[in-house]
Amino acid sequence: MLKYIFKRVAIMIPMLLGIALLTFMLMRLSPGNYLDTIRLDPQISKETIAYYERLFQLDKPLIYQYVHWVLNLLRGEFGYSFYYNVPVVQIISWRLFNTFILAFASFLMTWLIAIPLGIWAAVNRNRKTDQAIQFFSYVFLSWPSFFVAMILLFWASQTGILPLGGMHSPNYENLNLWQQFVDLVKHLAIPTIALSIGSIAALQKIMRGNMLEALGQKYILTARAKGLPENKVIYRHALRNAINPLITLLGYEFSGLLSGAALIEIICSWPGLGSLMLTAVRSKDIYLVMASMMMGGILFIVGNLLADIFLAKADPRIRYDKR
Amino acid sequence: MINDKDNSSIPINEFQIGLRNFKRNRLAVICVVILFVLYGIAVFADFLSPYSYRNENRNYSYSPPTAIHIAHDNKLSWPFIYGTQLTFNDFHKREYVVNKSQRYPIQLFIKGEEYKLLGIISCQYHLFGVQEPGRLYLLGADSRGRDLFSRILYGSRISLSIGLIGVFISFTIGLIVGGISGYYGGRIDDFLMRLCEMFMMVPGFYLLLAFRAAVPDNFNSVQIYFAIVIILSFLGWASLARIIRGMCLSLKEREYVLAAKTFGLLDIRIITTHVLPHTLSYSIAAIMLSIPGYILGESALSLIGLGIQDPYASWGNLLSDGMSIVRIYFAPWILWPAFFIFLTVICFNVIGDALRDCLDPLLKSEGKE
């Protein structure tokens, strides 16, 4: 297992660097860099700018700059953010954490609602309840998530039940631990719901399909013929087989979740990686952009890896080492 | 599966079986009709809309939807609207006062701004409208007093075409890469698949932002439009290529491919005429299901101000007005574009699902996976 993990990660590293190279070229393709912005500032002397240029090797050829960045990366340095005036790692780490909170909350909500809903729909196949669920799935699947967020924010502004965007209340520091948690959950509610609604609909459909397939298998017939109670047939025999394919999906879902989260973060002003990326791209803060992209890639790899490991635990038929 | 009694309509090929199954799905057929109507609207937007997308009248900033009356002095009459006047109340809130002395009947085929029908025929007639100085706002007005209804119609041109062009480009790339990768295998396959995975690894929206950063600021609207289409299709090709590749892997083992090889056909010929066509039935469903991604991608970009720029209209760009809660409160009609996005997306989803279901038996016979 460990060998397999190492192999997987080893393949991914050149790809990550490839992403960084692509990002680097994209950022340098457009005219101007961040220094051009501060050049306009009369308060910053020419010497400072020249110093910066030397420091970040901006006067050297492009390929040299990239290699320089990669070498720094090996030493654990992600570069310097021009816009925030601090090392990239400092900003990115807590932004990454925030995005992770949001993604995790949405993930939890999606799976906790979609799986039971899918099972229920499959068991009650073609009845009124199933039809209703399928109808609403279509509706929610097609509702753009940003629109859900806009509507929810508007609703919150009218009722005042939930805070409008951001992550903490202004008095966050003065609250005790429990109150801080409640505050966080309140701020999480809108972005999480906006992010989850579409995924719930999608996952529910897949779960229903898998469950129907599992229920049609011969071993279900055997289980029923043995006289097992229906509950056991469904939850012991059908469910365990129906849920396995979803675990593989889990890893890929994660990347999609981050992608969707970026837009929601921007709309709900959640201080995560996605909204950071927007700021960085707009201000041509090149190292911040590259680091954010790398983080996105790394999260995806980790997500997939976790899914694979989890799958091996859940399904004894899967052995990675014996190939 | 088909037990129709008259022999004349026995389907000849797989596609006709698929089409027949598709027609049984009434919901999907309705969606096809809706999409045809929407695309028809996009083509004839300038004729159907009472005003052009940049016709503004700042005296009617955020004017609410105009009420259309059909009764005057308790007598039925041809539909007409009353003139309105912008006033501010004690709290400096905009209020539009109806002036009953001004009546503007709605006229059909009214002469208005000149435009080029289908891009060639010069024309002045609009399907409906009112005489100046009356202003007809079916769905209300935006901040500059431009008719939202007209702007939605014009916006449909951008929002709907971006899906089609985008899917065409990414599909072409996907077919080429997937075909080559699956057919040749080995090193080429390895390299191309790693490339695909590279694109799939980064969250799409991050990649979208990075690509957008490379677009120069001095691009004009048409250039930005094409830049967005190309960026969006660059994000979409990878997953498609992987699936096509998987299908090609099994297709190339077929006897007819071997036969083609023994005839000495060029590889490119074999790929394009003997391998790729068999992926078509899957591809059609995949195309339908991926179009919403382009529409939503454009909307998202425009929503955060990185997409289509004012005065040009796209649904996402129109919706960006609603990013402010205050504006939603005072002018809720600015959310209408979302309804059109929703309608289009749901239609493509339903059609795509229906296609996948009815082409499924074909997929199995063609050795998917």
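Filtering the range B:36-58 to residues that are of a type in the set (Phe, Trp, Tyr) and either open to solvent by less than 30 Å² (accessible area, probe 1.4 Å) or out of contact with any helix residue (DSSP H, G or I) (no Cβ under 8 Å at 6 or more places or on another chain) (or both) leaves B:Phe36, B:Phe44, B:Phe47, B:Tyr51.
Per the listing A:Gly260, A:Gly274, the residue uniquely under 19 Å from A:Gln204 (Cβ atoms), in contact (Cβ under 8 Å) with a residue 60 or more places away in the chain and within 21 Å of the chain's Cα centre (by Cα) is A:Gly260. Of everything in the range A:264-286 that's of a type in the set (D, E, K, R) and more than 22 Å from A:Leu250 (Cα to Cα), which residue is least open to solvent (accessible area, probe 1.4 Å)? Per the stated criteria, the residue is A:Asp285.
Starting from residues that are in contact (Cβ under 8 Å) with a residue 24 or more places away in the chain and under 17 Å from the mean Cα position of the chain (by Cα), keep the ones in the range B:225-234 and report whichever is nearest to B:Gly174 (Cα to Cα). Can you show your working first?
In the first step, residues of the range B:225-234 are kept if they are in contact (Cβ under 8 Å) with a residue 24 or more places away in the chain; the result is B:225, B:228-230, B:232-234.
Within this subset, residues satisfying the condition of being under 17 Å from the mean Cα position of the chain (by Cα) are B:225, B:228-230, B:232-233.
Working: B:Tyr225: 22, B:Ile228: 18, B:Val229: 15, B:Ile230: 14, B:Leu232: 13, B:Ser233: 10 Å.
My answer is B:Ser233.
Would you confirm whether or not the range B:83-94 contains a residue that is of a type in the set (Phe, Trp, Tyr) and either touching a strand residue (DSSP E or B) at 6+ places or on another chain (Cβ under 6 Å) or surrounded by 13 or more Cβ atoms within 10 Å (Cβ to Cβ) (or both)? Taking every residue of the range B:83-94 in turn, none turns out to be of a type in the set (Phe, Trp, Tyr) and either touching a strand residue (DSSP E or B) at 6+ places or on another chain (Cβ under 6 Å) or surrounded by 13 or more Cβ atoms within 10 Å (Cβ to Cβ) (or both).
It is to be established whether one or more residues within the range B:330-341 are assigned to a helix (DSSP H, G or I) and away from chain A (no Cβ under 13 Å). Within the range B:330-341, one or more residues are assigned to a helix (DSSP H, G or I) and away from chain A (no Cβ under 13 Å).
Scanning the range B:128-142 for residues that are surrounded by 16 or more Cβ atoms within 10 Å (Cβ to Cβ) and free of Cβ contacts under 8 Å to residues at least 60 places away in the same chain gives a single hit, B:Gly134. Taking the listed residues B:Phe109, B:Phe171, the one that is open to solvent by 10 Å² or more (accessible area, probe 1.4 Å) and assigned by TED's automatic domain parsing to the domain that holds B:Thr273 is B:Phe171, with no other qualifying. Inspect all residues belonging to the range A:141-158 and state whether any of them is open to solvent by less than 40 Å² (accessible area, probe 1.4 Å) and aromatic (Phe, Trp, Tyr). Yes, the range A:141-158 has at least one match.
Any residue at all in the range A:4-26 that's over 30 Å from A:Leu306 (Cβ atoms) and in contact with a Lys or Arg (Cβ under 8 Å, 6 or more places away or on another chain)? Before the answer, list the steps.
Step one: filter the range A:4-26 for residues over 30 Å from A:Leu306 (Cβ atoms), giving A:25.
Filter once more, keeping what is in contact with a Lys or Arg (Cβ under 8 Å, 6 or more places away or on another chain): none.
No, because not a single residue in the range A:4-26 is over 30 Å from A:Leu306 (Cβ atoms) and in contact with a Lys or Arg (Cβ under 8 Å, 6 or more places away or on another chain).
In this structure, B:Gly145 does not satisfy being surrounded by 15 or more Cβ atoms within 10 Å (Cβ to Cβ), part of a helix (DSSP H, G or I) and more than 14 Å from chain A (Cβ to nearest Cβ).
Considering the range B:198-278, the qualifying helices (runs of 4 or more DSSP H), each wholly inside and each with 1 or more residues that are over 24 Å from A:Leu26 (Cα atoms) and either open to solvent by 40 Å² or more (accessible area, probe 1.4 Å) or more than 9 Å from chain A (Cβ to nearest Cβ) (or both), run over B:221-251, B:255-262, B:267-270.
Quick one: how many residues across the range B:180-197 are at the interface with chain A (Cβ under 7 Å from one of its Cβ atoms) and surrounded by 21 or more Cβ atoms within 10 Å (Cβ to Cβ)?
Kept after step one, since they are at the interface with chain A (Cβ under 7 Å from one of its Cβ atoms), are these residues of the range B:180-197: B:194, B:197.
When the remaining residues are screened for being surrounded by 21 or more Cβ atoms within 10 Å (Cβ to Cβ), the result is none.
Number of matching residues: 0.
Taking the range B:279-311 as the range and being surrounded by fewer than 21 Cβ atoms within 10 Å (Cβ to Cβ), away from chain A (no Cβ under 14 Å) and in contact with a Ser or Thr (Cβ under 8 Å, 6 or more places away or on another chain) as the test, only B:Gln309 passes.
Going through A:Ala314, A:Ala262 one at a time, which residue ends up being within 12 Å of another protein chain (Cβ to nearest Cβ) and of a type in the set (Gly, Ala, Ser)? Spell out the reasoning first.
Numbers: A:Ala314 fails: within 12 Å of another protein chain (Cβ to nearest Cβ).
The unique qualifying residue is A:Ala262.
Quick one: is A:Ser169 away from chain B (no Cβ under 14 Å), polar (S, T, N, Q), open to solvent by less than 20 Å² (accessible area, probe 1.4 Å) and closer than 30 Å to B:Val326 by Cα? Quick ask: steps written out before the conclusion?
Values: away from chain B (no Cβ under 14 Å): yes; polar (S, T, N, Q): yes; open to solvent by less than 20 Å² (accessible area, probe 1.4 Å): no; closer than 30 Å to B:Val326 by Cα: yes.
Taking the combined requirement at face value, the residue does not satisfy it.
Taking each residue of the range A:134-151 that is more than 7 Å from every other protein chain (Cβ to nearest Cβ) and within 14 Å of A:Gly260 (Cα to Cα) and looking for partners that are modelled with pLDDT of 85 or more and surrounded by fewer than 17 Cβ atoms within 10 Å (Cβ to Cβ) with beta-carbon atoms closer than 7 Å, six or more apart or interchain, yields nothing.
Can you say whether A:Val233 is crowded, with 19+ Cβ neighbours inside 10 Å and farther than 19 Å from A:Gln134 by Cβ, as far as the supplied structure shows? Yes, satisfied.
Filtering the range A:287-306 to residues that are in contact (Cβ under 8 Å) with a residue 60 or more places away in the chain and surrounded by fewer than 19 Cβ atoms within 10 Å (Cβ to Cβ) leaves A:Ile298, A:Leu305. So for the range B:319-327 (the condition being out of contact with any strand residue (DSSP E or B) (no Cβ under 6 Å at 6 or more places or on another chain), acidic (Asp, Glu), surrounded by 16 or more Cβ atoms within 10 Å (Cβ to Cβ) and not in a loop (DSSP other than H, G, I, E, B)), does at least one residue qualify? Yes, that holds for at least one residue. If you check A:Thr129, A:Thr110 for being open to solvent by less than 30 Å² (accessible area, probe 1.4 Å) and away from chain B (no Cβ under 14 Å), only one passes: A:Thr110.
The values are calculated or read from the model by the stated rules, or taken from the named source; none is laboratory data. This structure is a prediction, so every number in the text was calculated from the model and none was measured. Note: ideal-geometry Cβ built from the backbone for every residue, glycine included; neighbour counts use all protein chains shown. Note: areas computed on protein heavy atoms with side chains; ligands, DNA, RNA excluded. Shrake-Rupley method; radii C 1.70, N 1.55, O 1.52, S 1.80 Å.
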